[in-house]
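Novice: The structure under discussion is supplied below as structure tokens; questions concerning it will follow.
The values are calculated or read from the model by the stated rules, or taken from the named source; none is laboratory data. None of these values were measured; they are calculated from a predicted model. Cβ placement follows ideal geometry from the backbone for every residue including glycine, while neighbour counts extend to all protein chains displayed.
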Amino acid sequence: MGGSVSQVFRSGSARDGRNVSGSTIDKVQTIFEILCSNPRISIHTLEALLVQIPKNENILAIHDDSGYNLLQKSVAINHIELVRWLLQRHCPDVNRCPCSLPLHIACLKGHEECVELLLKHGARIDTEARMCFPGLHSLNCEERGKYKNVAVCDRPNSKLQNAVCYAIDGDQINVLNILAQKMEEPWIPFRVKKPLLHLACERGAWKCVQQLVITRSDEINLIKDEYYPIHQAILHDTRFLELLIQHGAVTTELINAPDSLGNTPLHAVIVRYALEEAKYGYDKWNKWDVLHLVRFLLQNGAKSSINQAGNSALACVFRHIRDWEVCYELLNMMIKEDGDPNIVGRDGSVPLMVCLVPLINKDPLHHFTHSMKVCFLNCIRILLERGANPNCSYRSNLTPLHVLIFTVSENFTLNCDTQKRANFDFIKNILQLLLQHGLDCNVTSQTILHSVMDMVQNVRTCPDMACIHELTLLLLQYGNDPNINLAGKQMTGTAAEVVRADATEDAPGQDTNPTANSNNSRSNEPFRNSFRSNSRNYILFYFISLITKKEFLLMDREATYTRIIHLLYYSMQHEPLYACLKSLHNLYLTQVPNKTTESLIALIAMLYKRPRSLKQMCRVRIYESINRKLAQNINRLNLPGLLKDYVLNFES
């Protein structure tokens with residue numbers, strides 16, 4: 001029993017009880033009104049009201065409309081006389097409050113006399129509490145909702161902090177000196193978790209940093225929780241960096257020191273600017289701020305951070321920054337400082353793939369302006385000119401060629417023809433740029449023409465076929481093989497249906513004379529079946545099988561699909577071409593013609609029965625002799641300009 005009573009008096013619950021009389025409440029509310037109208041009123045004027053309040057009543061349990069007591073208010077307005085009177089007469093526990101402790105308010109606002117007075121009366125430096133003052137109580141505060149003041153809180157951070165943190169938040173160097181001197185006393189067990197210089201750099205307290213680099217110079221190159229002060233300084237103005245460097249911060253090593261995630265100060269600047277773009281509550285930067293900071297870092301030894309193993313700064317730029325003009329400027333700056341475009345980023349992909357993969361989502365293309373497209377192309381051009389591998393892959397199967405072809409295919413599903421065409425031209429320019437710098441269609445994907453022909457399934461209008469024609473021509477000019485056999489490749493259901501239909505049509509013909517020459521028919525059947533199946537595994541057959549399922553393409557007055565048929569007709573070798581045409585001719589010969597397929601059947605019959613001209617055959621021979629790489633080698637051919645165009649564009 002004695003222990004319980006002792007605990008009551010030790011905790012201050014008898015002194016700090018919440019029972020106050022109505023007259024006391026009225027007097028304290030009157031004092032609130034007086035202080036609101038005249039914060040500098042003399043204590044002698046207020047004393048007439050204060051002396052009427054009994055000593056045994058806890059006046060700190062009375063709050064104003066905002067939910068703050070008299071001691072908090074008097075500390076906030078730096079009314080030293082009133083603070084001293086309250087502390088001496090009522091002896092309140094200054095460390096007991098739901099939020100906004102008096103010492104914390106004094107530290108944040110820089111009221112030095114109040115700080116010394118509160119420390120003298122038992123205020124503890126190590127006590128942590130959130131700061132709601134002077135606005136609305138935060139969502140995590142227990143006083144939230146008890147008061148009706150509609151004031152806006154200017155401190156949205158509700159993190160629990162001690163007095164040292166609030167002094168640094170307010171950039172109050174004199175208050176910080178008082179607290180630091182107090183902490184050096186041997187009977188004070190409290191020590192801050194982080195060195196003061198680290199805290200000041202982290203919170204952007206310029207006045208504190210200016211003095212701490214002198215008084216605590218040993219902390220300039222001190223690591224704490226994987227961070228140096230220079231890591232924190234990089235998130236603020238350049239003057240923080242300049243000050244640390246002037247006072248001995250080793251830039252050649254510490255400025256390149258990564259944290260546990262592999263991020264260096266250079267990466268921190270890039271990510272910080274990305275947060276600025278997203279407007280996450282920081283003071284708004286412009287592009288010149290980040291460019292100046294990055295240039296300053298590179299000039300002071302951060303070059304090796306560009307090629308951070310497993311975390312390329314080039315990839316970091318593409319992953320986080322949305323403004324393509326800033327991307328281009330940063331990329332150009334870091335490439336000139338020996339940035340390696342083949343160092344992988346955080347996800348294991350090289351910068352080129354990080355740049356291209358977002359195109360899979362067709363929404364970004366809708367928001368691309370002309371200047372954004374120019375900067376995007378320039379970024380890719382810089383990477384390729386500095387040695388980026390256009391045949392790179394992401395997780396063994398996704399390549400730049402796959403990304404672009406898929407993007408074009410998805411682009412056909414748009415409804416706006418103007419937007420569709422603009423997007424296609426943009427993707428085509430990217431593809432042509434990659435092809436000019438060594439993209440090998442056959443190495444990257446031997447069935448890329450197969451994927452191009454699959455785009456027919458997404459086509460919604462006849463003009464879309466012109467895009468497929470342009471894409472096919474571009475791939476053929478840069479070495480894609482039109483004679484590739486799709487045997488063993490997975491075909492879509494449309495092509496498989498045509499092959500199965502052909503097989504069923506040929507089956508009755510084999511049973512018309514089951515007894516005559518049975519041995520010969522059985523011996524020749526494997527050869528005929530092999531020839532039939534091989535001739536139907538070519539791109540030309542596959543393309544025709546796809547367009548037969550699109551009636552509006554066959555009914556097109558301009559017959560745009562015929563341009564692709566002629567393109568393959570002029571580029572394929574003789575043997576696979578006529579084997580394919582023969583199979584197509586025999587297939588449609590057995591079918592009853594209708595208005596839809598009439599023009600297609602007539603075209604196939606004409607191409608099958610009419611051999612190519614000598615000029616066209618010579619073009620195929622030239623095409624094959626230079627390994628089908630017309631665009632790269634056309635200028636080496638000793639031919640007139642008209643013939644070069646004839647060979648390059650597969651004109652009729």
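Novice: Considering every residue within the range 314-322, establish whether at least one is within 19 Å of the chain's Cα centre (by Cα) and among the charged types (D, E, K, R).
Specialist: Yes: the range 314-322 contains one or more residues that are within 19 Å of the chain's Cα centre (by Cα) and among the charged types (D, E, K, R).
Novice: Can you tell me which of Asn423, Asn389 is farther than 23 Å from Val344 by Cα, in the same structural domain as Leu356 (by TED's automatic domain parsing) and of a type outside the set (Phe, Trp, Tyr)?
Specialist: Answer to the check: Asn423.
Novice: Got a number for residues in the range 454-481 being over 23 Å from Asn415 (Cβ atoms) and of a type in the set (A, V, I, L, M)?
Specialist: Residues flagged as over 23 Å from Asn415 (Cβ atoms) and of a type in the set (A, V, I, L, M) within the range 454-481 amount to 4.
Novice: Looking at the range 243-262, I want the residues that are among the small types (Gly, Ala, Ser) and have a partner that is outside any loop (DSSP other than H, G, I, E, B) with Cβ atoms under 7 Å, at least 6 apart or on another chain. Which pairs are those?
Specialist: Gly248/Ser217; Ala249/Ile230
Novice: While we're on this one: I need the full set of residues from the range 73-112 which are surrounded by fewer than 24 Cβ atoms within 10 Å (Cβ to Cβ) and polar (S, T, N, Q), in order please.
Specialist: Listed by number, the residues that qualify are Asn78, Gln88, Asn95.
Novice: Cβ contacts < 8 Å: first residue closer than 30 Å to Asn635 by Cβ, restricted to the range 595-623; second residue among the β-branched types (Val, Ile, Thr) and surrounded by 13 or more Cβ atoms within 10 Å (Cβ to Cβ), any location; separation 6+ or different chain. Result?
Specialist: Arg612/Val620; Arg619/Val647; Ile622/Val647; Tyr623/Val647
Novice: I'd like to know if the range 273-282 contains one or more residues that are within 23 Å of Ile382 (Cβ to Cβ) and either surrounded by fewer than 22 Cβ atoms within 10 Å (Cβ to Cβ) or more than 19 Å from the chain's Cα centre (by Cα) (or both).
Specialist: Scanning the range 273-282, I find at least one residue that is within 23 Å of Ile382 (Cβ to Cβ) and either surrounded by fewer than 22 Cβ atoms within 10 Å (Cβ to Cβ) or more than 19 Å from the chain's Cα centre (by Cα) (or both), so the answer is yes.
Novice: Next up: Can you give me the ranges of the helices (runs of 4 or more DSSP H) entirely in the range 240-328 with at least 1 residues that are of a type in the set (Lys, Arg) and within 21 Å of Lys224 (Cβ to Cβ)?
Specialist: Ranges flagged: 265-278.
Novice: Next question, about the same structure. Can you find a residue that is of a type in the set (Gly, Ala, Ser), out of contact with any Ser or Thr (no Cβ under 9 Å at 6 or more places or on another chain) and closer than 27 Å to Lys287 by Cβ anywhere in the range 227-246?
Specialist: yes
Novice: Suppose we filter the range 349-361 for residues that are surrounded by 17 or more Cβ atoms within 10 Å (Cβ to Cβ) and in a loop (DSSP other than H, G, I, E, B); how many remain?
Specialist: Residues meeting the conditions: 2.
Novice: Let me ask you something else. Inspect the range 405-414 for any residue being under 24 Å from the mean Cα position of the chain (by Cα), more than 27 Å from Tyr542 (Cα to Cα), surrounded by fewer than 20 Cβ atoms within 10 Å (Cβ to Cβ) and not acidic (Asp, Glu) and give the result as yes or no.
Specialist: The answer is no; no qualifying residue exists.
Novice: Condition check: under 25 Å from His402 (Cβ atoms), touching a Leu at 6+ places or on another chain (Cβ under 8 Å) and not in a helix (DSSP H, G or I). Does Ile380 satisfy that?
Specialist: no
Novice: Something else about it: Say we look at the range 109-128 and pick out the residues that are more than 19 Å from Arg89 (Cβ to Cβ) and part of a loop (DSSP other than H, G, I, E, B); which of these is nearest to the chain's Cα centre (by Cα)?
Specialist: Glu128
Novice: Are any residues in the range 224-240 surrounded by fewer than 24 Cβ atoms within 10 Å (Cβ to Cβ) and modelled with pLDDT of 90 or more, and if so, which ones?
Specialist: Arg239, Phe240
Novice: While we're here: Write out, first by first residue and then by second, each pair whose Cβ atoms fall under 6 Å of each other, whose residues are 6+ apart or on separate chains, and whose first residue, in the range 92-107, is in the same structural domain as Gln172 (by TED's automatic domain parsing) while the second is of a type in the set (Val, Ile, Thr).
Specialist: So the pair list comes out as Asn95/Thr127; Pro102/Val75; Pro102/Val94; Ile105/Val75; Ala106/Val75; Ala106/Val115; Cys107/Val175.
Novice: How about the range 140-223: which helices (runs of 4 or more DSSP H) wholly inside it have at least 2 residues that are at pLDDT 85 or above and charged (D, E, K, R)?
Specialist: 196-203
Novice: Where in the range 437-514 are there helices (runs of 4 or more DSSP H), lying fully within it, with 1 or more residues that are over 24 Å from Pro576 (Cβ atoms), of a type in the set (D, E, K, R) and at pLDDT 50 or above?
Specialist: Once the helices (runs of 4 or more DSSP H) in the range 437-514 are filtered for at least 1 residues that are over 24 Å from Pro576 (Cβ atoms), of a type in the set (D, E, K, R) and at pLDDT 50 or above, what remains is 464-477.
Novice: Name the single residue that is farthest from Leu476 (Cα to Cα) among those in the range 564-577 being free of Cβ contacts under 8 Å to residues at least 60 places away in the same chain and surrounded by fewer than 18 Cβ atoms within 10 Å (Cβ to Cβ).
Specialist: Among residues in the range 564-577 that are free of Cβ contacts under 8 Å to residues at least 60 places away in the same chain and surrounded by fewer than 18 Cβ atoms within 10 Å (Cβ to Cβ), the one farthest from Leu476 (Cα to Cα) is Glu575.
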